[in-house]
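None of the figures in this text is laboratory data; all of them are computed from the coordinates on show. This structure is a prediction, so every number in the text was calculated from the model and none was measured.
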Amino acid sequence: MFNTAIKFGAYPPTVKKGILCLSLGWLGHLFFYFKFFTGEVLVRNDYLMAAIGIAVCYFVAAINSWARALSIFFNIGVLVIYLALLAFQNVGFNLQVLTVAVIVLFALATYYLLRKDTVEFFRSFNAEEAR
């Protein structure tokens, strides 16, 4: 149920790219969020979001099929939020660049995690672990 060993060097290139884009996307999102949306004092929800992002990245990197599905679900939500921010925000160029970077990283992560070869690798890896 929970794979915990990360063997990044043994993963196919599309899986590596998906994990890398996912991790960088979450780092960009957390930077954006903590820089522009939190107050002086962090609250419980801030810590929960950071913990969820770290956990999703870890369990996807450990090749858990359920984490890949959960990640895709979160990615779609994050993409919608950042696309809305891009469409309706009226801010400086630097913030727009960060917004576009987060959109691109989460879109690429979603693309790589939905690719057929990635899905097959997750299935075969989890089938081997179940034996």
Revision key, fill the gap. With only helices counted (DSSP H, runs n ≥ 4, each -39500 (n - 2.57)), the per-residue ellipticity at 222 nm for the chain, to the nearest 500, works out to -27000 deg cm²/dmol
Study note, to complete from the structure: For the stretch 12-126, using Cα atoms only, the Rg and Dmax in Å read 14.7, 47
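Compute the whole-percent fraction of alpha carbon pairs in the stretch 35-93 spaced more than 20 Å apart. Mind dumping the intermediate values first?
Working: 740 of 1711 pairs.
Of the Cα pairs, 43 percent sit more than 20 Å apart.
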Check your understanding: Which helices pass in the chain if a helix is a full DSSP H run, must span at least 15 angstrom along its long axis by Cα, and must have mean Kyte-Doolittle hydropathy not below 1.6?
Key -> 65-88, 93-114
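Test of understanding: what is the full-extension gain from THR38 to GLN89, defined as 0.36 nm times their sequence separation minus their Cα-Cα distance?
My answer for the length gained is 16.6 nm.
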